[in-house]
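Some notes on the structure that comes next.
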Amino acid sequence: MQHFLLSSKARTISLKAVFSMGEDKAYQTFCDMRWADTDGEAVCPRCGCTESYSIATRRKFKCVGCHHQYSVTSGTIFASRKMSFTDLLAAIVIFVNGAKGVAALQLSRDLDCQYKTAFVLTHKLREAMAREQMDRQLDGVVEIDGAYFGGYSKPENRKEDRKDRRLKANLTGKRQCVVIMRERNGKSLPFIVRNEGDAVPYVRDHVGTVATIMADEGTGWDALHAGWDTRRVNHSVAFLDNGACTNQAESYFSRLRRMEVGTHHHIAGPYIGQYAREASWREDNRRVDNGTQAVMVTAAAMEAPVSRQWKGYWQR
């Protein structure tokens with residue numbers, strides 16, 4: 001059987017279609033996403049009034065009720081944007097088309113914009129996408145595993161000067177653990193902790209008590225036996241043992257590791273959580289066509305409030 005990503009069903013939108021639609025149609029697309037309940041008709045974000053005057057020359061609206069002026073991106077993660085609506089839509093399509101993410105440098109070249117513009121834009125998209133995972137609860141069979149990222153220790157030139165980089169005393173202290181909790185054939189949820197065992201409180205908050213947990217033999221997971229039906233697999237002996245495995249969790253780490261090494265080459269410590277949540281979103285929607293993915297990201301951006309982290313990021 002042909003893989004889904006190789007089939008024509010996976011391709012329902014293209015950059016050619018975005019750039020050929022023109023600015024007016026791209027603008028209307030954002031209006032339809034922002035005000036879906038009113039079929040693209042403007043709704044005042046301050047008082048909720050559905051009657052407004054259209055200031056066509058500036059693509060703004062003036063509320064009849066409170067006289068507040070607003071645009072389609074006011075109060076959203078794209079507030080104060082300077083890029084055209086066509087470029088914003090193209091950026092979203094490029095972003096979702098990358099199976100292992102898209103580097104900000106590549107996006108800046110594709111759209112002919114500054115690197116810092118592409119960098120902040122992609123992080124705003126990641127922030128909007130991560131809202132889908134807020135307060136998520138997992139049930140059924142849940143696989144849990146952890147992997148370490150960052151904190152690279154460069155070996156010395158001469159062999160006699162080299163240290164065992166597996167020992168904690170020889171680490172940089174910057175290494176972080178990404179823990180993934182993933183339903184079999186369902187949704188996933190990542191967290192950033194110092195060590196694997198530190199994720200147990202997150203498991204209590206986000207995994208149902210009747211769920212069955214699959215984990216490896218790491219000692220950090222011993223505490224799970226007290227609250228769940230927990231099954232363990234010793235990876236030094238087998239990858240699958242009597243139905244117990246963490247293969248889907250490992251699949252997530254495969255994508256995240258290739259994002260780090262093959263696409264971004266380096267992920268700074270403060271941002272690892274955002275890239276981890278992006279990889280989770282891509283895994284959850286890996287069998288969704290790219291047109292629907294673009295719609296999902298655009299709709300999420302239109303629903304997300306102004307970013308407190310990325311607003312004015314380069315002015316700090």
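The values are calculated or read from the model by the stated rules, or taken from the named source; none is laboratory data. Just so it is clear, the structure is predicted and the values come from calculations on it, not from any experiment. So basically every Cβ, Gly included, is an ideal-geometry build from the backbone, and we count neighbours across all protein chains shown. For the accessible areas, the whole protein counts, side chains as well, though only heavy atoms, and no ligand, DNA or RNA atoms are used. Shrake-Rupley method; radii C 1.70, N 1.55, O 1.52, S 1.80 Å.
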Item to check | region 221-244 residues that are on the phi < 0 side of the Ramachandran plot, paired with ones that are of a type in the set (A, V, I, L, M) and exposed (fewer than 14 other Cβ atoms within 10 Å of the Cβ) (beta carbon under 8 Å, 6 or more apart) | outcome: Val233/Leu240
Checklist entry - Among (1) at pLDDT 95 or above; (2) touching a Ser or Thr at 6+ places or on another chain (Cβ under 6 Å), where does Arg109 come up short? => result (2)
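Please pick out the residue among Asp112, Asp145 that is surrounded by fewer than 19 Cβ atoms within 10 Å (Cβ to Cβ) and not aromatic (Phe, Trp, Tyr). First the steps, then the outcome.
Numbers: Asp145 fails: surrounded by fewer than 19 Cβ atoms within 10 Å (Cβ to Cβ).
Unique residue meeting the criteria: Asp112.
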Item to check | Residue list for region 16-63, filter: open to solvent by less than 50 Å² (accessible area, probe 1.4 Å) and either more than 25 Å from Leu111 (Cβ to Cβ) or part of a loop (DSSP other than H, G, I, E, B) (or both) | outcome: Trp35, Thr38, Gly40, Ala42, Val43, Cys44, Gly48, Cys49, Ser52, Ile55, Phe61, Cys63
Next on the checklist: If Ser8 satisfies all but one of (1) modelled with pLDDT of 90 or more; (2) surrounded by fewer than 13 Cβ atoms within 10 Å (Cβ to Cβ), what's the number of the condition it fails?
Outcome noted: (1)
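Considering each of Leu256, Leu224 in turn, give the residue that is out of contact with any Gly (no Cβ under 6 Å at 6 or more places or on another chain), assigned to a helix (DSSP H, G or I) and under 23 Å from Phe95 (Cα atoms). Spell out how you get there, then give the answer.
Working: Leu224 fails: under 23 Å from Phe95 (Cα atoms).
That would be Leu256, the only listed residue that is out of contact with any Gly (no Cβ under 6 Å at 6 or more places or on another chain), assigned to a helix (DSSP H, G or I) and under 23 Å from Phe95 (Cα atoms).
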Next on the checklist: List the residue pairs whose Cβ atoms are under 6 Å apart, where the first residue sits in region 254-270 and is assigned by the TED database to the domain that holds Tyr152 and modelled with pLDDT under 95, the second is of a type in the set (Gly, Ala, Ser) and open to solvent by 30 Å² or more (accessible area, probe 1.4 Å), and the two are 6 or more positions apart or on different chains.
Outcome noted: Gly269/Gly150
Checklist entry - Among the residues of region 153-165, is any surrounded by 13 or more Cβ atoms within 10 Å (Cβ to Cβ) and in contact (Cβ under 8 Å) with a residue 60 or more places away in the chain? => result no
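Tell me the residue from Thr50, Thr57 that is without any contact (Cβ under 8 Å) to a residue 40 or more places away in the chain and closer than 18 Å to Met302 by Cα, please. Working first, answer last.
Working: Thr57 fails: closer than 18 Å to Met302 by Cα.
Criteria check complete, one pass: Thr50.
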Checklist outcome for this item: A careful count of residues in region 166-194 that are open to solvent by less than 70 Å² (accessible area, probe 1.4 Å), of a type outside the set (Phe, Trp, Tyr) and either at pLDDT 85 or above or part of a helix (DSSP H, G or I) (or both) gives 15
Item to check | Selection within region 2-23 - charged (D, E, K, R) and more than 12 Å from Leu89 (Cβ to Cβ) | outcome: Lys9, Arg11, Lys16
Item to check | Long-range neighbours under 8 Å by Cβ, at least six apart or interchain, first residue closer than 11 Å to Ala279 by Cα within region 99-110, second β-branched (Val, Ile, Thr) | outcome: Lys100/Thr263; Gly101/Thr263
